[in-house]
Amino acid sequence: MTISSLALGPASPALGRRCQCGSGGGRTWRPLGASSLCMSHGLEWHRRAAARVVAPAASLSAVEEIDQRDAVDRIASLSQVASVLGTQWGDEGKGKLVDVLARNFDGGANAGHTIYNAEGKKFALHLVPSGILNEETLCVIGNGVVVHLPGLFQEIDGLESNGISCKGRILVSDRAHLLFDFHQVVDGLREAELANSFIGTTKRGIGPCYSSKVIRNGVRVCDLKHMDTFAQKLDTLLRDAASRFEGFKYSVDMLNKEVERYKRFAERLEPFIADTVHVMNESILQKKKILVEGGQATMLDIDFGTYPFVTSSNPSAGGICTGLGIAPRCLGDIIGVKAYTTRVGSGPFPTEILGKDGDLLRVTGMEFGTTTGRPRRCGWLDIVALKYCCQLNGFSSLNLTKLDVLSELSEIKLGVSYMQNDGEKVSSLPADLRLLEQIQASFECTFCLLFRSF
Ligand code: IMP
């Protein structure tokens with residue numbers, strides 16, 4: 001396995017300047033230009049970016065020039081379909097890496113990032129893939145994404161009012177599920193009900209929307225083509241929510257208003273709707289290069305993460321196939337990221353740094369949620385969790401982002417093993433949350449250990 005640092009941190013201005021890391025509410029997989037990994041499984045894919053942004057050679061030292069050439073060579077040699085996945089609890093800086101890699105790909109994916117265009121204008125994107133800033137990129141929002149149409153149109157309006165044309169450049173999977181405003185209300189009600197054991201969700205309705213999908217009464221993008229049955233489908237969902245939550249007030253008036261609103265949305269979305277499974281697979285046949293970015297990260301995976309303190313989708317390698325409709329044999333390089341660990345929301349975090357050192361990392365690394373502004377919990381790199389993520393995702397390389405943030409610290413630690421209270425070693429990340437909460441991480445200093453661990 002290769003462990004690389006592609007000069008992506010804030011201290012490395014030569015590459016990756018446009019896209020600052022940070023996600024919020026991103027979920028799932030998008031092929032760049034196809035689906036955004038924002039709403040739980042978007043994938044976007046896009047055609048080759050027009051220009052590769054590198055610093056002028058004259059401004060680089062000889063060593064920097066060699067480093068940069070090496071990085072560019074490594075990027076160029078990535079497979080036709082390459083993916084960037086979070087190895088921890090999200091916010092690893094995937095967006096920045098994707099932004100750098102995307103210039104060598106025909107398509108790519110990401111979601112939930114703050115992006116800066118060449119003029120330094122800030123765009124907070126959650127559903128639209130960041131590839132939209134590259135004029136030649138086709139962005140695909142895949143079937144694994146749950147799509148909040150008011151949010152999507154708000155992003156599109158924001159982009160278009162800044163001169164970025166979205167027409168014909170964004171495809172939304174006809175299989176993607178619609179996330180309604182009421183899902184967000186239900187998200188808040190569920191969290192309130194959990195009181196002190198709340199998950200700490202983004203309250204964007206992700207869990208409730210995936211619940212509708214799995215219980216099989218969800219409404220999909222393709223349903224917008226049949227507005228004659230839309231009201232009845234939405235009525236079923238709203239009644240369900242009202243019968244479950246006392247605090248959820250449902251009326252016929254509410255339904256009628258929502259249906260009228262969605263009639264307008266349906267009309268506007270019509271040119272964006274596509275069979276993205278077909279688009280993705282045709283693109284693969286045509287040898288287009290596709291870059292896929294996972295939303296959130298492996299430790300938030302509904303199956304493999306620190307359940308129940310997880311999201312409601314599979315932001316690990318398996319989600320690439322199910323969230324986009326591409327076959328496992330098409331997947332090539334898979335890259336994971338981040339030099340230390342952060343986590344937003346509740347749940348166990350064995351290598352968490354509490355107190356002043358944690359504050360220092362948080363402030364230096366600007367570890368505050370892009371969407372909610374919530375301070376991220378910070379901790380040392382957790383090798384046990386990372387190894388587990390490597391096993392699950394089969395990473396071909398690891399990209400360490402934010403290394404420069406650690407330069408502020410007098411000592412850098414790595415969590416190298418887990419011990420139970422009775423001193424017994426725990427060899428892999430346990431499923432049992434009670435055990436995980438009690439676990440003590442053992443630390444060692446120096447970064448060289450990282451290389452020994454794989
Ligand atoms: P949900 O996806 O909004 O249901 O949130 C479930 C868990 O995932 C919570 O702990 C959130 O803080 C976390 N989470 C969701 N999206 C992100 C993200 O983009 N970055 C980091 N954590 C996230």
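The values are calculated or read from the model by the stated rules, or taken from the named source; none is laboratory data. Everything quoted here is computed from the prediction, not taken from an experiment. Cβ sites come from the backbone with ideal geometry, for glycine too, and all protein chains shown count toward neighbours. Side chains included, ligands, DNA and RNA excluded: accessible areas come from the protein's heavy atoms. Shrake-Rupley method; radii C 1.70, N 1.55, O 1.52, S 1.80 Å.
Computed extension length for Q286-Q440: 50.4 nm, one decimal, from 0.36 nm per residue of separation with the Cα-Cα distance subtracted. Across K121, K402, K425, the residue with the most accessible area heads the list, and the full order at a 1.4 Å probe is K425, K121, K402.
Checking the table K213/K263; K121/K287; K203/K356; K203/K387 against a 27 Å threshold on Cα-Cα, which pairs fail? Provide the component values of the computation, followed by the final result.
Values: K213/K263 21 Å; K121/K287 33 Å; K203/K356 29 Å; K203/K387 30 Å.
Result: K121/K287; K203/K356; K203/K387 exceed 27 Å.
In the range 177-271, how does Rg compare with the Kirkwood Rh, expressed as the Rg/Rh ratio over alpha carbon atoms? Walk me through the numbers on the way to the answer.
Working: Rg = 13.8 Å, Rh = 14.0 Å.
With Rh from the inverse mean 1/r over Cα pairs, Rg/Rh is 0.99.
Extending 7 Å from Cα along the Cβ direction at S165 and again at V214 yields two label points whose distance is 4.3 nm.
The GluC sites (Glu not before Pro) found in the range 391-427 that occupy coil by DSSP, while having at most 10 further C-beta atoms within 10 Å, are E411, E424.
The orientation-averaged projected area of the convex hull spanned by the Cα atoms of the range 141-197 comes to 5.4 nm².
Charge dipole of the range 284-408 (Cα centre as origin; +1 on each Lys and Arg Cβ, -1 on each Asp and Glu Cβ, all else neutral): 360 debye, rounded to the nearest 20. For the range 226-257 versus the range 422-442, the spacing of their alpha-carbon centroids is 44 Å.
Taken along the Cα-to-beta-carbon direction at a fixed 7 Å, the label points for V259 and D357 span 6.1 nm. Per residue, the range 177-271 exposes an accessible area of 56 Å² to a 1.4 Å probe, with every protein chain left in place.
Nonpolar atom fraction for the range 196-287, defined as the carbon and sulfur part of the 1.4 Å probe accessible area, stands at 52 percent.
Of all accessible surface on the range 304-377 at a 1.4 Å probe, what whole percent is carbon and sulfur? Walk me through the numbers on the way to the answer.
On the way: 1680 of 2840 Å².
Answer for the range 304-377: carbon and sulfur cover 59 percent of the accessible area.
Summarising the overall dimensions of the range 338-403 from its C-alpha atoms, the Rg and Dmax are 12.6, 36 angstrom. In a simple Cβ point-charge model (Lys, Arg +1; Asp, Glu -1; nothing else charged), the range 177-271 has a dipole of about 200 debye relative to its Cα centre.
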